[in-house]
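Undergrad: Structure in structure tokens, see below.
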Amino acid sequence: MDRLRSPGGCVWDAEQTHASLGRYLVEECYELLEAIEDGDSRAVREELGDVLLQVLFHARIAAETPRDEGGFDIQDVAGALVDKLISRHPHVFGTDGGPVVTSAGDQQRQWDELKRSERGRSGPLAGVATGQPALALAGKLGARAARFGLDVPLPDGDGVAEQIFRLAYAAGAAGEDPETALRAVARGHAAALAAAHRDGGGGEDEAREQGRSGED
């Protein structure tokens, strides 16, 4: 990345910014998720590399800003991650043995308490990324409402958005992941569509489309 961003390197790489790379970070994460769902270990390895490239790329861009103006490098990123892992797992790294954690539930409660103590984080929306896909966001809000014991009236109405939100919210409150569940159903249906097309169901439509292309 140093060479790619330096004079004599790659012109495209040198022009990129945090903002311009945003779309690629999202795309690479979804490609990794697809490889995981497919159970393709070779693809998982490749896509992990592509996600890592995004981390390295962003860190290299940040390193071009002076430290007194907020700049940092990949060593800072890795160091901050190590510090976070240690601070959020006192039962593992604590010198006094840390608190007793015997279940994932105990760990989640401890994790929440530690996050609340960091940067004054508190409340049901702390750490919730509102830029995530809407279905996942609705599920996360439902999960947080359940965790904090909040009973807030849900959006009413019979519109598609309101109905989907209520279903996803309820799923999240019940401890389910509506985004993953719906994606599995959608991918299954996509496979069925592809099979139907292979079996000849889309032949006439394809011929008509080719005819239009010829006329154009």
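The values are calculated or read from the model by the stated rules, or taken from the named source; none is laboratory data. The structure presented is a predicted model; accordingly, all values stated were derived computationally and were not measured. We place every Cβ from the backbone using ideal geometry, glycine too, and count neighbours over all the protein chains shown. Only protein heavy atoms, including side chains, enter the accessible area calculation; ligands, DNA and RNA are left aside. Shrake-Rupley method; radii C 1.70, N 1.55, O 1.52, S 1.80 Å.
Undergrad: Could you check the spin-label model distance between Leu52 and Glu69? Points 7 Å from the Cα along Cα→Cβ, value in nm.
TA: That separation, rounded to one decimal, is 3.1 nm.
Undergrad: Please report, as a whole percent, how much of the solvent-accessible surface of the chain comes from carbon and sulfur atoms (probe radius 1.4 Å). Mind showing how you got there, number by number?
TA: Values: 8570 of 14890 Å².
Of the solvent-accessible surface of the chain, carbon and sulfur hold 58 percent.
Undergrad: OK, next. Enter the accessible area per residue of the chain (Å², integer; probe 1.4 Å; all protein chains in place). Let's see the in-between values first.
TA: Details: 14890 Å² over 216 residues.
Accessible surface, normalised per residue, equals 69 Å².
Undergrad: Provide the three semi-axes, in whole Å and in decreasing order, of the ellipsoid equivalent to the chain as defined by the square roots of 5 times the Cα gyration tensor eigenvalues.
TA: So the equivalent ellipsoid measures 38, 31, 18 Å along its semi-axes.
Undergrad: For region 139-190, state the average projected area of the convex hull of the C-alpha atoms over all orientations, rounded to one decimal in nm². Provide the component values of the computation, followed by the final result.
TA: Working: hull surface 15.3 nm².
Answer in nm², one decimal: 3.8.
Undergrad: Projected onto the charge dipole of the chain (+1 at Lys/Arg Cβ, -1 at Asp/Glu Cβ, origin at the Cα centre), which of Leu53, Ala196, Thr130 gives the Cα projection farthest towards the positive end?
TA: Thr130
Undergrad: Any chance you could tell me what percent of the C-alpha pair distances in region 4-44 go past 12 Å? Let's see the in-between values first.
TA: Numbers: 536 of 820 pairs.
Distances greater than 12 Å cover 65 percent of the Cα pairs.
Undergrad: Just order 122-130, 153-161, 54-62 by mean Cβ neighbour count inside 10 Å, highest at the front, would you? Write down the numbers at each step before the final one.
TA: Numbers: 122-130: 12.1, 153-161: 9.6, 54-62: 17.1.
Peptide ranking by packing, descending: 54-62, 122-130, 153-161.
Undergrad: Rounded to the nearest 500 deg cm²/dmol, what is the calculated helix-only ellipticity per residue at 222 nm for the chain, with -39500 (n - 2.57) per DSSP H run of length n ≥ 4? Please report the intermediate quantities before stating the final value.
TA: Working: 11 runs with 147 residues, N = 216.
Roughly -21500 deg cm²/dmol at 222 nm, from the helical runs in the chain.
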